[in-house]
Structure formats: structure tokens, C-alpha cells
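The values are calculated or read from the model by the stated rules, or taken from the named source; none is laboratory data. In this text the structure is predicted, and so the values were computed from the model without any measurement. Glycine gets a Cβ as well: all are built from the backbone with ideal geometry, and neighbour counts include every protein chain shown. Remember, those area values only see protein heavy atoms, side chains included, never the ligands or the DNA or RNA. Shrake-Rupley method; radii C 1.70, N 1.55, O 1.52, S 1.80 Å.
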Amino acid sequence: MSAAIPPNPSLPPNPSLPPNPSLPLRLDGLVYRAGPKTIIDGLDATIAAPGITALIGPNGAGKSVTLRLIDGLLRPDAGTVRIGEGAPVRRAFLFQRPALLRASAARNVALALAPLGLERRERAARTRAALARVGLLDRADDPATRFSGGEQQRLALARALVGEPQLLLLDEPTASLDPAATERIEAVVAEIARGGTKVILVSHNLGQVARLADDVVVLARGRAVEHGPMAQVVFQPKTAQARAYLKGELPWTAYAAAS
Amino acid sequence: MVETLAESVARLASLDREVVAIAWLSLRVSLTAVLVGALAGIPLGALVAVVRFPGRQALVGLLNASMGLPPVIVGLVIYLLLSRSGPLGPLGLLFTPAAMVAAQSVLVTPLIAALTRQIVADAEAHLGDQLRSLRLPPWRRAGLLVFDVRFSLVTAILAAFGRAISEIGAVLVVGGNIDGFTRTMTTAISLETQKGDLALALALGLVLIGLVLLVNAAATILRAYAVRAYG
Ligand SMILES: Nc1ncnc2c1ncn2[C@@H]1O[C@H](COP(=O)(O)OP(=O)(O)OP(=O)(O)O)[C@@H](O)[C@H]1O
Ligand SMILES: [Mg+2]
């Protein structure tokens, strides 16, 4: 299913796209258990193409856990995550719930530059650029924990972008944004991907998936049940689980029907 | 009773030099001990909260239990260490304010470490994955979490100060309650009560309570001020 993914016509061809060291991203027989519960249950997926891969599926399917496994925050009980050929990859993770320090917005963003060993001036310049990108430059010195939910999410995105990651894991980056901010953030994400960053995007916003994704992985009960080009998966899903999710059926009825 | 109180107030009003000296010593000893306890206990507690290592649970249990260390036992151990025949005897610190600082430091360090560990662990549940994902080394994560909970740590510091300034067992055993040298508020109150100088005991008691209130009020005001700036 995951073999050849054709280029997405919605993205302008970019011959200068640098080779991305995080590709191919291979998840082989991933299993993750929490207590008696098997959350990820033999997940296989090979993401070979650059651009944006959407990871979709019902609540509790294991999308966030999969991102944590890819980032290395969780260790699989079985199976492997292989990122590229094993060379170090700059990665960034935007969590579903933004976690910000009780400090200024700028300091929160600059934190992501700490491991890069940049000069102060360079850090400050990049921080400002990242804040400008998400429309928060005028709030740079405000305490981050006083931001609204949507502002916090944008700030967390700025922190994810500032280190120029090669692999960017986005867990519902626009879940609490207003339409204008959503549009802006989608543009930023598309631009990042065109710049050569591999993006894994978890989203329940199917319009957004259709607008942004090159390929789509459908997760159900901890397994990848479908993986293919966006248009095919979103508009002609092959599996019952994918169809049920995309049609907006409640997953528990879908599972009952599927099993 | 009323007479005693009146006399106490009179002695307070005249700022009896003896009372001032005793109060100053108590304050100095306890604040120094809390400073030492914070310098040792905050990093210790934060690292225990952040780093996973074998035996961590046991250490957490030990820290929590040692919040209840009886002061007089701590005093006794420090006494044995500092006594003439003890390993630290040559330092000649027994029955000096330094010995009292040492004993109170031992008393408050586990308290501060245990409270810090709990406070930092709660913050870690919220921020830990984010900081790990940023690939920050453990000491840096611990530092950032301490920074994040800085306002809550004020409470831990105040608890430590309260324990230090109001304990009597440790300072009595290692300080010896020497008039004009190692006599603190608590040892003086105990002594004056026994001697029957209730007015002085009560005056000292009022000063002790006043000191505790003052330090707490100062910390609360500072904290509120800082929180307003960086909630
Ligand atoms: N540490 C854990 N202990 C126990 N259960 C867990 C743990 N982490 C995740 N789970 C469970 O694993 C399942 C998958 O969680 P996950 O957060 O990956 O879902 P998701 O696909 O991201 O859902 P959503 O769309 O709601 O964000 C859930 O049922 C969740 O309760
Ligand atoms: Mg999720």
C-alpha cells in the first residue's frame, strides 16, 4: 500500500528540494503497550516521499502515541522506528497540548535553539523571525502562560519551527485556531514542507488534510489500515475503517461493523 | 497573666538589647541554614524528579521520610561528629553558631529536597516530554523546571524556615544555649520559662512569632509581585 507515492500536483515542483535525511521513515511492526492495553498493535508504515504525510484516524487510534514513538519519547515494546539512514536528524515536535514555560514568549521560542549552540544575536534574530511567522512578534515579551489557547498553539508552533527541523511532527497544530489563524498556519506548514522539511501532520480537519497532505496514513486501533496518496485515501478509501472515519461515523459503530 | 503580658510589651517597646541580640542570632542561624538547604536541596530534589535511575523510588521514599527527622536526633548526630573525639572534632565547632547552622541545614535540606521533588515532578508531568523532545540534557531540564516552578518553591523555602526557626532540639544539643553566644529564641524561651521569668519568655515568644510573620509576609509580597509580572 505504501510503495510508490506519486508527487502531489498541489505542490509546485521544486527541483532544488534538498534530500531529506529523515527519509525513508520506516515503522516496522511497532507495538506499544500501556499496562494491559495494547495501544499500538503492529503498526507498519514506510514514508518515503518528501512533503507532508497526514496521520488520521479516530480519537484514541494511537496517532499521538505514534508521534511520540517516532520522536523517541516512548520506546516501543516491539518493532523499530528507523529514521533515514541513521544519521542525526534535526526534529521538532508540536504537542497536541502546548506546554509552555512561565517565561516570555521569546524565551519559550529561544529554548528550542539551546541545543544548537548559536550566538546570542543569531538566536535572537531567529526567534524574532519565528514569532513573526506565526503572527506573534508584537507579543514577544509577554508572559507565554497568559496567552489564549490559540496563541499558545501558535507560539508552540514557532518554537517547533525555529530550529529549522528536518523532521517536523505536528499533532493537531490548528485544533484551537480561528479560521484566519488556521489559514495562516497552513500556509506556514506548506512553506516549511516546500523548504525541504518532512512533515508528519496529525489532524482531524479533513479539509486541511486535503489541502496540505501529499500522502495519508489512516490509523485505527493502533494499526495503519490504509496508506496512499491523499486524493486516493480521502476520496476513495479502500478499507471499511477508513471509510467509516472519513464519513464521520462514530468509531465504535464502525468497529462493530468491521469486526 | 495580664501583668506578665504588660511587662513583656514594655520590654519589647524598650527593644531590650538582649532580646534583639537573641532574635538576630536566631534569624541569622535559621536563614543561613535555609540558604544552605536551598542550595543543596533544590538541585537534589529537581534531579531526583527528572533523572530516571535504579533505586529512585527508594530515594524518594527516604527523602519524604526524612522530612520528619526529629531535630534532637539530628542534633545528636551532629554533636557526635563535632565533639572533641568525633571525626570533625578538630574543627572546634561544637557549641558555636556554626554548629547550629550545620544541624539546621541537615534538618531542612531533606525537607526542601522532598518538597522540590514533588513540585518539580508535577511540572515534569506537564512539560517533561516537551523538554525531552528539545533534546535538552537532564541538568538543563531540571534547571528549567525549577525556573518554571520558582513561585511554588517559595512555599517550600518558607516551610523550611518555619521548621528551622521554631525547632529547639538541634540548636540546644549542638549550641549549648550559651548566654550571649548560642542562645536562640527557642532555647531562651525554654530556659526563661523554667527560671520563671515569664515576661521575658513571653516577650521572646512574641518576637519569634513576629519574625516568622515578617519573613512570611515579605516572601508573600515578593511572590505576588513576581507572579504578577510573570504568571
Ligand atoms: N501512558 C498511557 N497509559 C495508558 N493509556 C494510554 C497512554 N497513552 C495513551 N494511552 C491510550 O492510548 C490510546 C491512543 O492514544 P493517543 O493519544 O495516541 O490517541 P490519538 O489517536 O492521538 O487520539 P486523539 O485524536 O483523541 O488525539 C488512547 O486510548 C489512550 O487512552
Ligand atoms: Mg492525539
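See the values below:
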item	result
Virtual spin-label span in nm between B:L62 and A:A34, 7 Å along Cα→Cβ	3.2
Chain A: relative contact order as a whole-number percent, Cα under 8 Å and 6+ apart	27
Square roots of five times the Cα gyration tensor eigenvalues for segment B:101-231, Å	39, 17, 9
Span-rule helices in chain B, defined as complete DSSP H runs reaching 20 Å or more along the axis (Cα) with Kyte mean at least 1.0	B:17-50, B:150-166, B:198-229
Loop chymotrypsin sites (Phe, Trp or Tyr not before Pro), segment B:155-231 (other Cβ atoms within 10 Å of the site Cβ: 12 or fewer; DSSP)	none
Nearest-0.05 FRET efficiency for B:A21 and A:A125, computed from C-beta distance (R0 41 Å)	0.10
Cα centroid of segment A:38-64 to Cα centroid of segment B:53-119, whole Å	52
Computed [θ] at 222 nm, helices only, for chain B once each DSSP H run of length n ≥ 4 contributes -39500 (n - 2.57)	-27000 deg cm²/dmol
Cα-based radius of gyration of segment A:102-164 once divided by 2.2 N^0.38 Å, which approximates compact folds	0.98
When the convex hull of its Cα atoms is projected in every direction, mean area for segment A:139-259 (nm²)	8.7
Within chain A, longest stretch free of exposed GluC sites (Glu not before Pro) [DSSP loop, at most 12 other beta carbons within 10 Å]	A:120-259
Column: log10 I(q)/I(0), Debye, Cα scatterers of chain B, q = 0.10, 0.14 Å⁻¹	-0.55, -0.93
Chain A: calculated mean residue ellipticity at 222 nm from DSSP helix runs of at least 4, using -39500 (n - 2.57)	-10000 deg cm²/dmol
Pairs beyond 23 Å (Cα-Cα), from A:K37/A:K238; A:K63/A:K238; A:K37/A:K63; A:K63/A:K198	A:K37/A:K238
For the protein assembly as shown, the spread of Cα positions along each principal axis, largest first, Å	94, 46, 46
Rounded percent of accessible protein surface that carbon and sulfur make up, chain A, 1.4 Å probe	52
Rg/Rh for chain A, where both radii come from Cα atoms and Rh is the Kirkwood radius	0.97
Förster radius 22 Å - calculated FRET efficiency between B:N216 and B:L39 (Cβ-Cβ, nearest 0.05)	0.55
